[in-house]
Amino acid sequence: MGDMSARLSCLPGDVEDQLVLGDGLLTVERVRCAGITRPRISRLVRAGLLVRLARGVYASRESYDDALPWEAFALRSRAFTWACGPSAHAAGWSAVAIRGLPAIDPPPQKPIVVMPLGSGADTNSAFGEVREVALPPEHRTVVNGCPILTDSRVVADIARTGARDDALVLADAALAAGTTVEELRDVLNVQRFWPGVPEARWVVEHADAYAESALETLGRLTFIEYDLPVPISNAWIELGPIRYRPDHLLDDLWLIFEGDGDIKYNERLDAAAVVRQQREREWELRERGFEISRYGWSNARHHRRQLAERFRAVIAERTPRPQGCSWYRETRTYRQAA
């Protein structure tokens, strides 16, 4: 008999069912009770229908290959966390990926998990990295069946060790998703003697739950980094029957800044209508005394010094009014929680 894996062209139904139950992953241990044996899994791997993402953890080859980079990284991170045992928790960018929080750079090559000090962590492998760290119970949670660090711990760790813009984007998103500033401060108090805490405190104190996107965070960071007046994020303006919520508002100058992300226009059947509504909106605002300045992703991400000079020039052209424009906020935040 030849290799039966050569005849397989699609995943068997029971294997697909197990992948659905595992949210895209199956483990040798968990599927054994369903009658799916290790030799059978090996045949599916040889047939190119399953891919091994960690020791004893597999995903559909087709689904994994079709996944976007951060989605694929989330699968690898969950797989590696499961493979490392019950005391392992996804950390850093692995936890970010599993939670679906925003990131502005490509994912790392390897997942990272942490284990409590003294747990006898396994050595690193081709599938990921393992570190032993202080890990209080209140810094641990579970998402989609996978143990991970809490959002507050992940923000603190990345703010201590990563780039400021990466960390601020993540901190804004975590606050919008329900983490509180007090929770972030509590984590940093636990870590107060760890490297990078002053930078992390800066990130926490400048985070804003009202920022709706990474682009808006980077736009606001431009004002902060280059000593410009920091605008109000996504406040409502009501002018009679007209109600607007600009990305950034300098209320004393009646000056609005809007970040233009490609997602607003790309691959939308109603792109023309969006542009038309935008122009009408801006006409109404200018008629009532506002000025609007727009910026894009490239400058906010890679050329903030030049963007700051543009902002500075626009601000210099405006004269503060005796009375700032009226604005308000609702009690809720505007970004949908991940």
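Derivation of every value follows stated rules applied to the coordinates shown; laboratory data play no part. Values in this document were obtained by computation on a predicted structure and should not be read as measured data. Reconstructed Cβ throughout: ideal geometry from the backbone, glycine too, with neighbour counts over all protein chains shown.
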- Note on the structure: The FRET efficiency for Tyr328 and Arg286, from their Cβ-Cβ distance with R0 = 22 Å and rounded to 0.05, is 0.55
- Go ahead and set up a Gaussian network model of the chain, Cα springs under 10 Å, then flag whichever of Ala316, Ala103, Ala200 fluctuates most. Ala316
- Item | Residue-span extension gain [Leu228 to Glu132] - 0.36 nm each, minus C-alpha spacing | 30.4 nm
- Message: Can you tally the net charge around Phe80? Count Lys and Arg as +1, Asp and Glu as -1, for every other residue whose Cβ sits under 10 Å from the Cβ of Phe80.
- Response: +3
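Please report, in debye to the nearest 20, how large the charge dipole of the chain is about its Cα centre when each Lys and Arg carries +1 at its beta carbon and each Asp and Glu carries -1 there. Could the numbers behind the result be given before it?
Details: 43 positive and 47 negative charges, 160 e Å.
Computed about the Cα centre, the dipole is about 760 debye.
For the chain, which span is the longest to avoid every loop-located (per DSSP) member of GluC sites (Glu not before Pro) having at most 14 other Cβ atoms inside 10 Å?
Working: sites that count: Glu267, Glu317, Glu330.
Formally, the longest exposed-site-free interval is 1-266.
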- Query: For all pairs of alpha-carbon atoms in segment 12-66, what percent lies in each bin of width 5 Å, listed from the first bin to the last filled one?
  - Reply: 5, 22, 37, 29, 7, 1
- Message: Whole-Hz ³J(HN,Hα) for each residue in segment 145-158, computed from phi via Karplus 6.51 cos²θ - 1.76 cosθ + 1.60 with θ = phi - 60°, x for glycine and proline: what do you get?
- Response: x, 10, x, 9, 6, 5, 4, 5, 5, 5, 4, 4, 5, 6
- Name the residue farthest towards the positive end of the dipole of the chain from the options Ala173, Gln278, Cys33, assuming +1 on Cβ of Lys and Arg, -1 on Cβ of Asp and Glu, about the Cα centre. Cys33
- Query: When the Kirkwood hydrodynamic radius is evaluated over all pairs of different C-alpha atoms of the chain, what value in angstrom, to one decimal, is obtained?
  - Reply: 22.7
- Task: Express in nm, to one decimal, how much length is gained between Arg30 and Ser298 on full extension, taking 0.36 nm for each residue of separation and deducting their alpha carbon distance.
- Result: 91.9 nm
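Using a cut-off of 10 Å between beta-carbons, work out the net charge of the residues near Glu199 (Lys and Arg +1, Asp and Glu -1, Glu199 not included).
Summing Lys and Arg as +1 and Asp and Glu as -1 gives +3.
Tally Lys and Arg at +1 and Asp and Glu at -1 over the other residues with C-beta under 15 Å from the C-beta of Asp252: what net charge comes out? Numbers along the way, then the final one.
On the way: positive: Arg318, Arg321; negative: Asp251, Glu291, Glu317.
Taking every other residue near Asp252 into account, the sum is -1.
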- Note on the structure: Interchain or sequence-distant (5+) residues whose placed amide H lies within less than 5 Å of the amide H of Thr179 are none
- Task: Would you mind calculating the relative contact order of the chain from Cα pairs under 8 angstrom and at least 6 residues apart, reporting the percent as a whole number?
- Result: 11
- Message: Residue by residue through segment 225-239, what is 3J(HN,Hα) from phi via Karplus (6.51 cos²θ - 1.76 cosθ + 1.60, θ = phi - 60°)? Round to whole Hz and write x for glycine and proline.
- Response: 5, 10, 6, 9, x, 7, x, 7, 8, 6, 8, 7, 10, 10, 10
- Which cross-chain or sequence-distant (5 or more) residues have an amide H under 5 Å from the amide H of Thr150, H modelled 1.01 Å from N in plane? Arg140, Thr141
- P(r), alpha carbons of segment 172-328 - 5 Å bins starting at zero, rounded %: 2, 8, 15, 18, 19, 16, 11, 6, 3, 2, 1
- Note on the structure: A correct Karplus calculation of ³J(HN,Hα) over segment 52-65, with 6.51 cos²θ - 1.76 cosθ + 1.60, θ = phi - 60°, whole Hz and x for Gly and Pro, returns 7, 9, 6, 4, x, 10, 9, 9, 5, 4, 5, 5, 5, 5
- Choice from Arg304, Arg38, Arg131 with maximal GNM fluctuation in the chain (Cα, 10 Å cutoff): Arg38
- The simple spin-label model distance between Arg243 and Asp260, using points 7 Å out along Cα→Cβ, in nm, is 2.7
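Considering only DSSP beta bridges whose two residues both sit in the chain, what percent are antiparallel, to the nearest 5? The partial results should precede the final answer.
Values: 23 of 35 bridges.
Counting DSSP beta bridges with both partners in the chain, the antiparallel share is about 65 percent.
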- Note on the structure: On the formula 1/(1 + (r/R0)^6), with r taken between the Cβ atoms of Arg321 and Arg192 and R0 of 30 Å, the FRET efficiency rounded to 0.05 is 0.10
- Query: Between Val143 and Arg55, what is the spin-label point distance in nm, taking each point 7 Å from the Cα along the Cα→C-beta axis?
  - Reply: 2.6
- Segment Trp202-Gln306, extension gain: residue separation times 0.36 nm, minus the distance between their alpha carbons: 35.1 nm
- Note on the structure: Non-local residues with an amide H under 5 Å from the amide H of Leu50, with H modelled 1.01 Å from N and Pro and chain starts lacking one, are Val45, Arg61
